1. For GLU75 and GLU238 in the same chain, what is the full-extension length gain: residue separation times 0.36 nm, less their Cα-Cα distance, in nm?
2. Which listed residue (LEU46, PHE57, VAL20) has the Cα farthest towards the positive end of the charge dipole for region 19-63, taking +1 on Lys and Arg C-beta and -1 on Asp and Glu C-beta about the Cα centre?
3. Okay, which of region 33-49 sit inside 18 Å, backbone N to the point 7 Å along the Cα-Cβ direction of LEU65?
4. Roughly how many nanometres apart are two label points built 7 Å out from the Cα toward the Cβ at GLN211 and ALA99?
5. Between GLN44, GLN159, GLN252, where does the largest GNM mean-square fluctuation fall for the chain, given springs only between Cα atoms within less than 10 Å?
6. Quick check on region 232-278: what does the Kirkwood estimate of hydrodynamic radius come out to from the alpha carbon pairs, in Å?
7. Take every Cα-Cα distance within region 196-278, group them into 5 Å bins from 0 onward, and report for each bin the whole-number percent of pairs it holds.
8. Hey, could you get me the Stokes-Einstein D for region 45-151, Kirkwood radius over alpha-carbon pairs, 20 °C and 1.002 mPa s, rounded to whole µm² s⁻¹?
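Values quoted throughout were computed directly from the atomic coordinates according to the rules given, and no laboratory measurement underlies them. Because the structure is predicted, anything quoted here is derived from the model rather than measured. So basically every Cβ, Gly included, is an ideal-geometry build from the backbone, and we count neighbours across all protein chains shown.
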Amino acid sequence: AKSSGRNRAVAFAPFMEQDVYKRARLEGALKRAVREGTIIPHFQPLIDLRTNSVYGFEALARWELQPGEFVSPGEFIPLAEETGLIVPLTEHLLRLCCAEARNWPKHVGLAFNLSPVLLSDAVIGLRLIRIMSEEGFSPTRLELEITESSVMKDYPAAQKVLGDLMEAGARIALDDFGTGYSSLSQLSGFSFDTIKIDRSFVTAMNKGERQDKVIRAIVALGSGLGVKTTAEGIEDEEQLAYLRSLGCDIGQGYLLGRPMPAEAARRFLQERLGHPVP
Ligand code: C2E
Ligand code: CA
Ligand code: CA
Ligand code: CA
């Protein structure tokens, strides 16, 4: 350590120790959680903005440490990525998702987040396909959400993984489009089906004409490329009406439906369809 930093190190020590301690505790708990299966998917509706029907659900991981105490995926996914636990965690989550989603009507899809880290593991595509087949869920109903960093790290491996999955019929969505993690450089090298407009653009929308124009441009880009556009983070009627007027295909956000446990997602579907879901 630098001698000049000594006082600062002392000042920060209790803080850092706590952090390291918390991290070690969390890592141990995460390992157990993956083994014991206490991390589960919740499901957030994706709504077809033209017909108002349920296009699908995005699976969002939820870890309940103890009843009522949740750890956010923003906290444990990065840890899982660093520790390699992301592989068993993803396989576990996909299994649970398939077991649930196979009960939904066939036209209702499943959007599933695929960590960038997994895309540098060339065999992961085949393993995910195998899980879907074991669980009786057709890959044609799956849309994988990926971000840019994934593709950049190990291009041949990423090509192989996405190639395998697309060959099996899965679709690909560029998540968080427009942010540093997903941008124009991705458009040329990879084939994909959907652009997901990052929530930050939707949130900023009612704040000025310029933001509106950015969204309008992304929707136009999607239509020019012949891919669907999904807007995430829709929280009010004004945002919804504007996105609809632009011809944005799919909407997601608290206004349209929050992430919810599997049983609630079934009820949500039932209400929309007017008939029971098994
Ligand atoms: P994401 O893929 O961009 O997911 C959308 C996030 O926005 C979710 O946060 C969702 O709950 C939140 N959200 C949806 N609608 C609204 C809205 O109207 N307003 C606001 N303020 N937020 C909204 P969540 O569930 O905390 O997930 C955070 C991130 O963690 C996800 O961002 C995704 O990158 C990652 N993640 C979640 N589940 C998984 C998973 O199973 N695997 C991997 N690899 N990553 C996951
Ligand atoms: Ca996502
Ligand atoms: Ca997103
Ligand atoms: Ca995001």
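1. Stretched out fully, the GLU75 to GLU238 stretch lengthens by 55.5 nm.
2. Result: VAL20, furthest along the dipole toward the positive end.
3. Within reach of a label on LEU65: 33-40.
4. In this crude spin-label approximation the distance works out to 4.1 nm.
5. Its mean-square fluctuation being the largest, the pick is GLN159.
6. Computed over region 232-278, the radius equals 11.9 Å.
7. Bin by bin from 0 Å, the calculated values are 3, 14, 23, 20, 14, 12, 9, 4, 1, 0.
8. It comes out at roughly 144 µm²/s.
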